[in-house]
Amino acid sequence: MKIKTRYPLKNGYPIWVYNPNYGGYLGAVGIAKKLQKGGYPQQKKIAIMIAKANLAKQINLIVNSEVYTEKIRISKKDYEEYKTKLYSLSKHSAKAFLKNVIVKDEWIDPKTGDLYVWVVLEK
């Protein structure tokens, strides 16, 4: 099976492999090895799950960096309470964000058969 990217190549790979935030999107890449059983549909499902997990990590990092920025402005006692609330909020935010995730592009490496999937948050 051949799947070609719609985006420019860099060193033989789609540009978004090197820069998942390509084109101003917040994105992530998932890579799934070629499978013996299940074929392309199963391979794509795995690649999307990996990409979404990578995107969720990014979202949590963004939220946590916001929490840290706010920490500087408040007392230690208030910070602990604030951190707990924001940690809960960040989990909900990541889940909410992931509902707006779309597969922007995919590509199969012709040498290995590995499937690369690029997911992004819809603008």
Open item on the list: Return the residues of the stretch 20-56 that are among the polar types (S, T, N, Q) and more than 8 Å from the chain's Cα centre (by Cα); say none if nothing qualifies.
Closed with: Asn21, Gln36, Gln42, Gln43
Task: Filtered residues of the stretch 12-41 (kept if modelled with pLDDT of 95 or more and of a type in the set (S, T, N, Q)) - done: Asn19
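Tell me whether the stretch 106-116 contains one or more residues that are in contact with a Phe, Trp or Tyr (Cβ under 6 Å, 6 or more places away or on another chain), closer than 28 Å to Met1 by Cα and modelled with pLDDT of 75 or more. Spell out how you get there, then give the answer.
Step one: filter the stretch 106-116 for residues in contact with a Phe, Trp or Tyr (Cβ under 6 Å, 6 or more places away or on another chain), giving 107, 116.
Within this subset, residues satisfying the condition of being closer than 28 Å to Met1 by Cα are 107, 116.
Still in the running and modelled with pLDDT of 75 or more: 107, 116.
The answer is yes; a qualifying residue exists.
Condition first: more than 16 Å from Val120 (Cα to Cα) and assigned to a helix (DSSP H, G or I). Now tell me which residues in the stretch 1-45 satisfy that. If you could, list the steps in order and put the result at the bottom.
If we filter the stretch 1-45 for residues that are more than 16 Å from Val120 (Cα to Cα), which is where we start, we get 1-4, 8-13, 32-43.
Result: Gly39, Tyr40, Pro41, Gln42, Gln43.
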TODO: Spot the failing condition for Ala51; the list is (1) crowded, with 16+ Cβ neighbours inside 10 Å; (2) modelled with pLDDT under 80, and only one is missed.
DONE: (2)
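Identify all residues within the stretch 110-123 that are touching a strand residue (DSSP E or B) at 6+ places or on another chain (Cβ under 9 Å) and touching a residue at least 24 places away in the same chain (Cβ under 8 Å); write none if there are none. Walk me through it before giving the result.
First, pick out the residues of the stretch 110-123 that are touching a strand residue (DSSP E or B) at 6+ places or on another chain (Cβ under 9 Å): 114-122.
Answer for the stretch 110-123, where residues must be touching a strand residue (DSSP E or B) at 6+ places or on another chain (Cβ under 9 Å) and touching a residue at least 24 places away in the same chain (Cβ under 8 Å): Asp114, Leu115, Tyr116, Val117, Trp118, Val119, Val120, Leu121.
The values are calculated or read from the model by the stated rules, or taken from the named source; none is laboratory data. The structure presented is a predicted model; accordingly, all values stated were derived computationally and were not measured. Cβ atoms come from the backbone with ideal geometry, glycine included; neighbour counts cover every protein chain shown.
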